[in-house]
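The structure appears right after this line, and notes come after that.
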Amino acid sequence: MSVSSPGAAALPGDLADVVLPFSVPALDVRGRVVRLGAVVDDIIARHAYPPAVSRCLAEAVALTTLLGTSLKFDGRFLMQAQTDGPVSMLLVDFETPGRLRACARFDKDAVAALPADAAAGEMLGAGALAMTIDQGPDMNRYQGVVGLDGGSLEDAAHQYFRQSEQIPTFLRLTAAQVYAGAGGPRWRAGGLLVQYLPDGGPGRAPDLPPGDAPEDADVASAEDAEADAWREARLLAATVEHHELADPSMSSEELLYRLYHERGVRVFEPTAVEERCRCSRERVHEMLVGFPDDDRAEMVREDGRIEVTCEFCSRAYDFAPDEFGAS
């Protein structure tokens, strides 16, 4: 459907935990907007991460959701950052069509030594960002890896698209604590992804030069027109303010209308996103069965039990040693 003036009619879709695909045919661009509320707030609250760590993880969740919802098959998209900075690891596991889980590891003292509003580059430091597409046990995995050198996740994602996808791409990410009614501030995250994907159809071709034009006349080429189309789309996308992507009162439709209404923006069926961990007692038991007996024996607590806590959802699983044939 095309997006009309926000004042004309009520806009469809929730304001949070939804990914909205869109296209601007006149500029040959497609993209997605993600707005996350309870998904990131619940993840952060469960782990009680410090604000600076929470911000990094929330942006990573938004980035992974933007990329994971592009998959056209049943599978998983994993984003993992490993660094030498105060936040040593970010891990987001996205399962189609819209289920995800996420966690972070960090040095408590190093994080405490930085201001709460420290930039992502200070938190992450140097390392690598890996993007992995898993199509299932019978298919090969695809992985793209880019370096982290003190920049933001936005910077690393742009490098990923230049290096791995080679598609002109603009990306913006944000995460912030927002007051939205009773209950105090809640974490929200958002993201905008715009890509130049010409389909070879009409729309950008320049006017034909006049037949009597001098041989040395400066005549626009089709390549120039394509460059102009992407330049316009990118410059418009760059006007998005970070606070707009986290604003609980602004819908994705309103945002896209503001950006591209003069060119005619179309939106498609939104995808709902939810936090859902893949752990279970059966999975944890299977993992422990694969451990050597000596390693499992070292895991037995003073009360004679083995407890394993899921790093993603913090759920604890309790076992008796004899469940694994131990004496």
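The values are calculated or read from the model by the stated rules, or taken from the named source; none is laboratory data. It should be emphasised that the depicted structure is a prediction, and the values quoted were computed from it without experimental measurement. Every residue, glycine as well, gets a Cβ built from its backbone with ideal geometry; the counts of neighbours run over all protein chains shown.
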Legend entry - In region 245-287, the residues that are surrounded by 17 or more Cβ atoms within 10 Å (Cβ to Cβ), in contact (Cβ under 8 Å) with a residue 40 or more places away in the chain and not in a loop (DSSP other than H, G, I, E, B): LEU245, ALA246, SER252, GLU253, GLU254, LEU255, LEU256, TYR257, TYR260, VAL267, THR271, GLU275
Inset, instruction - Name every residue in region 16-52 that is surrounded by fewer than 19 Cβ atoms within 10 Å (Cβ to Cβ) and assigned to a helix (DSSP H, G or I), in order of residue number. - result: PRO25, ALA26, ALA38, ASP42, ALA45, ARG46, HIS47, PRO51
Inset, instruction - Go through (1) of a type in the set (A, V, I, L, M); (2) in contact with a strand residue (DSSP E or B) (Cβ under 6 Å, 6 or more places away or on another chain); (3) loosely packed, with under 15 Cβ neighbours inside 10 Å one by one and return the number of the condition MET139 breaks. - result: (2)
Inset, instruction - Among the residues of region 262-297, count how many are under 23 Å from GLY37 (Cβ atoms) and of a type outside the set (D, E, K, R). - result: 7
Inset, instruction - Test THR83 against the stated conditions and say whether it is more than 18 Å from the chain's Cα centre (by Cα), in contact (Cβ under 8 Å) with a residue 60 or more places away in the chain and at negative phi. - result: yes
Legend entry - Conditions (1) hydrophobic (A, V, I, L, M, F, W, C); (2) touching a helix residue (DSSP H, G or I) at 6+ places or on another chain (Cβ under 8 Å); (3) modelled with pLDDT of 90 or more; number of the one not met by ALA326: (3)
Inset, instruction - Would you please name the residue that is surrounded by the most Cβ atoms within 10 Å (Cβ to Cβ), looking only at residues in region 160-213 that are at pLDDT below 85 and touching a Pro at 6+ places or on another chain (Cβ under 6 Å)? - result: ALA180
Legend entry - Residues of region 53-74 classified as surrounded by fewer than 19 Cβ atoms within 10 Å (Cβ to Cβ) and free of Cβ contacts under 8 Å to residues at least 60 places away in the same chain, total: 2
